[in-house]
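The next block holds one structure in the form of structure tokens; read it before the comments.
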Amino acid sequence: MAVISRRQAEREERALTPPSKTMDAGEHAQRLVQTVRKVIEFRLGSTKTLEATQMITRTFTNEPRSRLFDKLDPGRIYFIKVKTSNKKWPWIFVKIYEPPLVTNVFKVKFRDMKKMDQEYALISW
């Protein structure tokens, strides 16, 4: 579980674009949620289904560029609203980091989660 220091969080905040508008979650958002499913289940308790419904993105503006990686999309933070089958927490917001290049070294990382007992509008935090 990725926990970042206050200093790192402040640096990260300065390097991110403003939040996008809320949009419908697609296949990519669903794959991101499935990638961090084990962490979600650990924090939430058992759940059979996790359905990404909406998302907000923030893009890093300070990504290093090189000749090898100049065509890559920059890294992003995703805020994803997820409908669960958990009776106590039917809705969650998940914060996920996706690096510009996903490899064995640079992985998609779970950053945070907020549990809700009812549906709320998606926010970034």
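Below is a table of values for the structure above.
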read-out	value
Among (1) surrounded by fewer than 11 Cβ atoms within 10 Å (Cβ to Cβ); (2) modelled with pLDDT of 95 or more, the one test that residue 104 misses	(2)
Residue match in the range 44-62 (condition: open to solvent by 70 Å² or more (accessible area, probe 1.4 Å) and either under 14 Å from residue 95 (Cβ atoms) or among the aromatic types (Phe, Trp, Tyr) (or both))	no
Residue in the range 28-48 that is at pLDDT below 90, closer than 14 Å to residue 100 by Cα and either of a type outside the set (A, V, I, L, M, F, W, C) or in contact with a Gly (Cβ under 8 Å, 6 or more places away or on another chain) (or both) present	no
Identity of the residue in the range 1-55, of a type in the set (S, T, N, Q) and in a strand (DSSP E or B), that ends up farthest from the chain's Cα centre (by Cα)	53
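The values are calculated or read from the model by the stated rules, or taken from the named source; none is laboratory data. Just so it is clear, the structure is predicted and the values come from calculations on it, not from any experiment. Here the Cβ is made from the backbone with ideal geometry for all residues, glycine too, and neighbour counts use every protein chain on show. With ligands, DNA and RNA removed, areas are computed over all heavy atoms of the protein, side chains included. Shrake-Rupley method; radii C 1.70, N 1.55, O 1.52, S 1.80 Å.
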